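See structure below.
The values are calculated or read from the model by the stated rules, or taken from the named source; none is laboratory data. Only a predicted model underlies this, so the values are computations on that prediction, with no experimental measurement involved. Cβ: placed from backbone, ideal geometry, glycine included. Neighbour counts: every protein chain shown. To get the accessible areas, we keep the full protein, side chains included, count just its heavy atoms, and leave off ligands, DNA and RNA. Shrake-Rupley method; radii C 1.70, N 1.55, O 1.52, S 1.80 Å.
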Amino acid sequence: MHYYIDESGNTGLNLFDVNQPKLFYGVLGCPANLDVIAEPLLVDLRKELGVERIHAAELGVGRLIPVAKRIADFSKKHDLRFSLLKVTKGDHAVISFYDQVFDSGMNKAVSWHHYFTPLRYPMLIKVAFLFDDQLRKDAWAARKETNSAKSAAALVTICNTLLSRVDRLPDARSRELVSGALKWAAANPFEIDYGVGNKDTALQISPNLVGFQQVMQVMAVQSNKKGRSIRKITVDRQTEFNTAQGELASWYESLRAVKHNTDLGPGMPKFDYSMMPEVPPTFTAGDESAGLELVDVTLWITKRLEEKRDVPPELRHLFASQTKRGLVDEVSLDAIDKRWRHLLSLPAPDKALPADLDKHFKDLEDERKATVAALG
């Protein structure tokens, strides 16, 4: 398989540009090398359009319509598959806060089963309910802060603000668990290690890298289903994040080598890293790859559909020709809510826990309560 990766909506570590609330990654896969097999078609289309390279944003809807059917026919003939990955940036700020502050490995007022089982997700949604736009911005500013003292001081303020809002939660158990965790974090901000060590580390928590994790996993799943190895990964070149993307891909390759499987806990998502690509990404300028030209067009159409803007039938047909067997994934609070909402309808247990498990959970709860009580 050959894959071509483009992105749209990149604002780096600035999560709150009102004109770019989401980051999009488009992933176009093909069994053959598009830089070879698509070039003859694109030579004709460029000549017809009077351009050196096809860039959808420059051509616009009107000039893409006459060439859309030929791209769609080519896509069907060569089994092109487009996948879309999204990160809602404002939600990412809240998710990043929760993942750091409510990590039971750092926060002694959080029991492991409230972080390493699906109980984590209802708690996240409830904590997110306490955030407003300004607090999201404050939490993200503290998260990307390289000065540990400044980050710790900001974290204390954020936790205390959230504590003042805990009464807004509708049930006593949530109020108890959330307030305990926030009190501990406010009392022990350096234990939470909320900020980043340096600017390079800050890139690792950016939406771009979170989205690129999805990109790598989608390519692994898709190529594995087709029973094909990944021959080449071509990523649109941009200076800010390419190094970090390459490092992430290298880390995934090392996990593949040791046949690592993630298992965060009972009922949690799992992933087999032995499926990960063996080849590193190749970073190429968008005007030097036919595959990148094609993914640019489809991603542009996709973004217009996401934004509910006008997309005529010819472009919808092109979109459908590549997306029928593609994948979609999203990092957002809404996606998490939809994915885990079934927890609300689980039946009540029809029998008691085994005595040893019951004692285990009781001991964990007693330990959590003692930790919170010690805060005064």
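Below are the figures for this structure:
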item	result
Selected residue (only one of Ala152, Ala68, Ala72, Ala141 is hydrophobic (A, V, I, L, M, F, W, C) and touching a Phe, Trp or Tyr at 6+ places or on another chain (Cβ under 8 Å))	Ala152
Given (1) hydrophobic (A, V, I, L, M, F, W, C); (2) in contact (Cβ under 8 Å) with a residue 40 or more places away in the chain; (3) open to solvent by 60 Å² or more (accessible area, probe 1.4 Å), index of the condition Val43 fails	(2)
Qualifying residue in segment 205-214 (condition: part of a helix (DSSP H, G or I), open to solvent by 60 Å² or more (accessible area, probe 1.4 Å) and in contact (Cβ under 8 Å) with a residue 12 or more places away in the chain)	yes
Near pairs, Cβ below 6 angstrom, 6+ apart or cross-chain, from segment 164-177 (more than 12 Å from Met123 (Cβ to Cβ)) to any residue that is open to solvent by 30 Å² or more (accessible area, probe 1.4 Å)	Val166/Arg175
Selection count where residues are modelled with pLDDT of 95 or more, exposed (fewer than 14 other Cβ atoms within 10 Å of the Cβ) and not in a helix (DSSP H, G or I), scope segment 322-342	0
Residues (surrounded by fewer than 19 Cβ atoms within 10 Å (Cβ to Cβ) and either in contact with a helix residue (DSSP H, G or I) (Cβ under 7 Å, 6 or more places away or on another chain) or among the aliphatic types (A, V, I, L, M) (or both)) located in segment 186-195	Ala187, Phe190
Residue identified as within 24 Å of Gly211 (Cβ to Cβ), touching a residue at least 12 places away in the same chain (Cβ under 8 Å) and touching a Cys at 6+ places or on another chain (Cβ under 9 Å) among Gly291, Gly326	Gly291
Residues located in segment 142-155, provided they are buried (at least 18 other Cβ atoms within 10 Å of the Cβ) and not basic (Lys, Arg)	Ala142, Glu145, Ser151, Ala152, Ala154, Leu155
Checking Lys183 against (1) in a helix (DSSP H, G or I); (2) touching a Leu at 6+ places or on another chain (Cβ under 7 Å); (3) open to solvent by less than 70 Å² (accessible area, probe 1.4 Å), the condition it does not meet	(3)
Any hit, segment 358-373, residues being touching a His at 6+ places or on another chain (Cβ under 8 Å) and either at pLDDT 95 or above or assigned to a helix (DSSP H, G or I) (or both)	yes
Residue list for segment 70-106, restricted to those being more than 30 Å from Pro118 (Cβ to Cβ), of a type in the set (Phe, Trp, Tyr) and open to solvent by less than 10 Å² (accessible area, probe 1.4 Å)	Phe82
Residue check for Asp79: in contact (Cβ under 8 Å) with a residue 24 or more places away in the chain, part of a loop (DSSP other than H, G, I, E, B) and of a type outside the set (A, V, I, L, M, F, W, C)	yes
Tally of residues being surrounded by fewer than 15 Cβ atoms within 10 Å (Cβ to Cβ) and either charged (D, E, K, R) or assigned to a strand (DSSP E or B) (or both) across segment 21-38	0
Only listed residue being open to solvent by 70 Å² or more (accessible area, probe 1.4 Å), at pLDDT below 95 and not aromatic (Phe, Trp, Tyr), chosen from Pro349, Pro313	Pro349
Residue satisfying condition, being modelled with pLDDT under 95, open to solvent by 50 Å² or more (accessible area, probe 1.4 Å) and either closer than 30 Å to Thr157 by Cβ or touching a helix residue (DSSP H, G or I) at 6+ places or on another chain (Cβ under 8 Å) (or both), within set Lys199, Lys225	Lys199
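Conditions tested, residue by residue: (1) assigned to a strand (DSSP E or B); (2) hydrophobic (A, V, I, L, M, F, W, C).
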{"position": "Asn19", "(1), (2)": "no, no"}
{"position": "Val43", "(1), (2)": "no, yes"}
{"position": "Glu48", "(1), (2)": "no, no"}
{"position": "Arg53", "(1), (2)": "no, no"}
{"position": "Gly60", "(1), (2)": "no, no"}
{"position": "Arg63", "(1), (2)": "no, no"}
{"position": "Arg70", "(1), (2)": "no, no"}
{"position": "Val87", "(1), (2)": "yes, yes"}
{"position": "His92", "(1), (2)": "no, no"}
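Condition check ((1) exposed (fewer than 15 other Cβ atoms within 10 Å of the Cβ); (2) under 24 Å from Glu330 (Cβ atoms); (3) out of contact with any Leu (no Cβ under 7 Å at 6 or more places or on another chain); (4) not small (Gly, Ala, Ser)) across all residues:
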residue	(1), (2), (3), (4)
Ile230	no, yes, yes, yes
Tyr252	no, yes, yes, yes
Pro269	yes, yes, yes, yes
Asp272	no, yes, yes, yes
Glu278	yes, no, yes, yes
Asp287	yes, no, yes, yes
